[in-house]
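Here is the structure we will look at.
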Amino acid sequence: LLDCPSKQVADCGEHEGAGLKCNPRSNSFPVRLVGGALTAESYSGNVYFSSYPLCHHGWDMDVANHVCRMIGYVGASEISFQSTYGDVPTTTLVYDVQCKGLEWKLQDCSYKMDGDCPGYKGAGVVCKGYRVELKGGLTVNEGDVFINNQPITYNGWDIKDANVACRMLGFAGATSATRSKYYYSYTYFKANNVACTGTETNLADCPHTVNYHYYRTYGAGVVCFY
């Protein structure tokens, strides 16, 4: 919201606050990338919606940015058109995806499906920059840090890491780096041993390991301030 045009007013009454009710993010066509690599800096591969690959008809950077946001990244750094990450199945493909920019899942965008696309025309992307959210807090400025519905381990988590996470959410910074109240068991953590200097603009820019599996450990959290 900080990136949207706005203005400050002094005469807003206490009963004039704006609110909203969010719809659940149910998704029958989850986005995944196949054939590429998942590193601390980026996530790459041919684009699949559930088991259906995306044909490169209509594929461009704008749609790629939507795809990356659907899987928890800020946006796309590059796209590919000729099945760069391996040929794709040709039985049923998705193509001509058109999104308005507010969608969280494919079925909210317009698209077509059929099998008329050669296997060498799979659309690919490189996604960069994490998108974070807070869960489990009593207020909007606190909670466990999640990236694409995956927690972060508490290993090495400190105030420098918390400051980066809070700034990503539009806050001025963090008052504390917290530990989750409960263990996360049998969990793939999106990031482990995050080691920010505190100057980064995104947790993806900090040294860390990705998709780390733990039998049982605590998650990382924050308390942010405006």
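The values are calculated or read from the model by the stated rules, or taken from the named source; none is laboratory data. Since we're looking at a predicted model, the values are computed, not measured. Note: ideal-geometry Cβ built from the backbone for every residue, glycine included; neighbour counts use all protein chains shown. The accessibility values were calculated without ligands, DNA or RNA, using every heavy atom of the protein model including side chains. Shrake-Rupley method; radii C 1.70, N 1.55, O 1.52, S 1.80 Å.
Determine the share of the stretch 103-204's accessible area contributed by carbon and sulfur atoms, expressed in whole percent, with a 1.4 angstrom probe. Can you show the working numbers first?
Working: 2380 of 4810 Å².
Result for the stretch 103-204: 50 percent of the exposed heavy-atom area is carbon or sulfur.
Using 0.36 nm per residue of separation minus the Cα-Cα distance, give me the extension gain between residue 7 and residue 40 in nm, one decimal.
Working: separation 33, 0.36 × 33 = 11.88 nm, distance 3.74 nm.
Stretched out fully, the residue 7 to residue 40 stretch lengthens by 8.1 nm.
Run the helix sum for the chain: -39,500 (n - 2.57) per DSSP H stretch of 4+ residues, divided by residue count, reported at 222 nm to the nearest 500 deg cm²/dmol. Walk me through the intermediate numbers first.
On the way: 2 runs with 20 residues, N = 226.
After summing the helix terms and dividing by the residues of the chain, the value is -2500 deg cm²/dmol.
Over the Cα atoms of the stretch 135-226, Rg to Rh with Kirkwood Rh, two decimal places? Please report the intermediate quantities before stating the final value.
Details: Rg = 11.8 Å, Rh = 12.7 Å.
Across the stretch 135-226, the Cα-based Rg/Rh ratio is 0.93.
Rounded to the nearest 10 degrees, what's the angle between the helix 159-168 long axis and the longest principal axis of the chain, both from Cα atoms, 0 to 90?
Taking Cα atoms only, the helix is inclined about 60 degrees.
Given an 8 Å cut-off on Cα distances and at least 6 residues of separation, report the relative contact order of the stretch 138-226 as a percent. Could the numbers behind the result be given before it?
Numbers: 217 pairs, mean separation 38.2, N = 89.
In percent, rounded to a whole number, it is 43.
Taking the alpha carbon gyration tensor of the chain, what are the square roots of 5 times its eigenvalues, largest first, to the nearest whole Å?
Values: eigenvalues 220, 106, 48 Å².
They are 33, 23, 15 Å, listed from largest to smallest.
Springs between alpha-carbon atoms under 10 Å, Gaussian network over the chain: tell me which of 13, 156, 72 tops the mean-square fluctuations.
13
Let me know the charge dipole size of the chain about its Cα centre in debye, to the nearest 20, where only the beta-carbon of Lys, Arg (+1) and Asp, Glu (-1) is charged. If you can, show how the numbers build up before the last one.
Details: 18 positive and 21 negative charges, 118 e Å.
In total the dipole reaches around 560 debye.
Taking the Cα atoms only, what angle lies between the long axis of helix 61-70 and the longest principal axis of the chain, rounded to 10 degrees?
Approximately 50 degrees, to the nearest ten.
Take the alpha-carbon positions of the stretch 164-208, form their convex hull, and give its projected area averaged over all directions (one quarter of the hull surface) in nm².
Working: hull surface 15.3 nm².
Computed as one quarter of the Cα hull surface, the answer is 3.8 nm².
Name the long-range amide H neighbours of residue 191: under 5 Å, sequence gap of 5 or more, or other chain; modelled H, no Pro or chain starts.
So residue 191 has HN proximity to 153, 211, 212.
Probe of 1.4 angstrom, ligands and nucleic acids ignored: what's the accessible area per residue over the stretch 123-226, in square angstrom? Spell out each step's value before the answer.
Values: 4950 Å² over 104 residues.
Ligands and nucleic acids excluded, the figure is 48 Å² per residue.
Mind listing the long-range amide H neighbours of residue 218? Cut-off is under 5 Å, sequence gap 5 or more, other chains count too, H placed in the peptide plane at 1.01 Å from N.
For residue 218, whose amide H was placed from the backbone, the distant partners under 5 Å are 154, 184.
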